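Remarks on the structure that follows.
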Amino acid sequence: MEKKTALYDQHVTLGARIVPFAGYLMPLEYSGIVDEHRAVREEAGLFDLSHMGELRVEGEEAVEAVDYLVTNDIRGLDVYQIRYTPMCYPDGGIVDDLLVYRFADHLMLVVNASNIDKDLAWIVDHPAGDARIENVSDDVALIAIQGPKAEGILAQVTEIDLESIEYYWFTSGDVAGVDATVSRTGYTGEDGFELYVSPAGAPEVWQALLHAGQSSGLKPVGLGARDTLRLEAGYMLYGNDIDQGTSPLEAGLGWTVRFGASDFIAREVLEAQKANGAERRMVALEMQDRRIPRPHCAVFSGSDRIGELTSGTFSPTFKRGIALGYLASSHARPGTEVEVEIRDQRHAARVVRKPIYKR
């Protein structure tokens, strides 16, 4: 049976279309995917992300333990800094992609909703020092506000100096009378903030933000527009674009793999892949006609099948089909002309630079 987030009743009251997602009943859309997408691009959108998982890691060697488990540099994190990183299997496949928050006395790992149990089991089964891990997901609700007007709206309900929070940093303070951890990362390509609060306090924060943003065009946003926004911004979705069968280097996440002094799981495999070159690469595509690409569509160059799409949709911003997918490295250069097979017919497309949308 699917769970309900602390904001489920708010979504129902707002008339959201509710669907099961990653074990939760989540809003797919409220006023419509295109309308919500445009609100985020032009004004601001409010998201319930409480289905995401939070794992607390503490102990004398917590930093070293997490550093070994993931590919990016965790030892170099300052207190109140955040880092995006894959966590890999020994063969280089991705267990999950996650965010690591460094508090003064512990780390918080923010993981994908569908991977909470898997990630926890992997970490417990691969101890790398004096560290204790606890799944605190049920004790945390997560609200995000994204868009050009996000800072101005949030500033109306908090005394926190939002301008001082740099990209991929966080702080703690009061938001609408509720204790919150406030970070600045994002999954839409726009500026914005994430608010980690107690489930009991989440409805109060949600309502305060909706009220504060009423005159600024703030709209609640569901999973549908979240997907079109992240695709335009070139963000990958675990289970679609990356999984245990893909490596960070294939996925274009080489910048998250540090080959420095400290060891980490899959280091030797990824070093060899970097030296030899990956056979395929994640790319972004734009369709050249009105057809809409979908996951698993084959991609061709002449008579040669050169890859497959992992995500595809209609872009409300560019008003054409866009996609992510893996192509043979020889065809991954931006500007390369290819064909996407949609319902047994091939349609012209072009490899473009990521992100497709730039703020």
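A simple spin-label model places the labels of Glu134 and Arg294 4.5 nm from each other, with each point 7 Å out along Cα-to-Cβ. In terms of other Cβ atoms within 10 Å, Ile143, Ile160 run from fewest to most in the order Ile160, Ile143.
The mean sequence separation of alpha-carbon pairs under 8 Å and at least six residues apart, normalised by the residue count of the range 279-352, gives a relative contact order of 40 percent.
First check a/c for the range 53-136, with a ≥ b ≥ c the square roots of the eigenvalues of its C-alpha gyration tensor; if it is under 1.5, answer rounded, and if not, answer prolate when a/b is larger than b/c or oblate otherwise. Cα axes put the range 53-136 in the rounded bin. For the pair the range 41-56 / the range 190-219, the C-alpha centres are spaced 10 Å from each other. Length available on full extension from Ser262 to Asp105: 0.36 nm per residue minus the Cα-Cα distance, which gives 54.4 nm. Put the Cα centre of the range 294-335 next to the Cα centre of the range 57-81 and the gap is 36 Å.
Restricting attention to the range 235-330, close to 95% of DSSP beta bridges with both partner residues there are antiparallel.
Calculated FRET efficiency, Ser301 to Ala121, Cβ-Cβ distance, R0 = 41 Å: about 0.50 to the nearest 0.05.
In the calculated pair-distance distribution of the range 279-352, the portion above 21 angstrom amounts to 12 percent of the Cα-Cα pairs. The label-point distance for Gln345 and His211, in a model that sets each label 7 Å from Cα toward Cβ, rounds to 5.3 nm. Charged neighbours of Ala225, selected by a Cβ distance under 11 Å, balance to 0 (K, R count +1; D, E count -1).
Read-outs throughout are calculated quantities, based only on the coordinates presented, and are distinct from any laboratory measurement. Source: prediction; values computed, not measured. Counting neighbours? That spans all protein chains shown, and the Cβs are built from the backbone with ideal geometry, glycine included.
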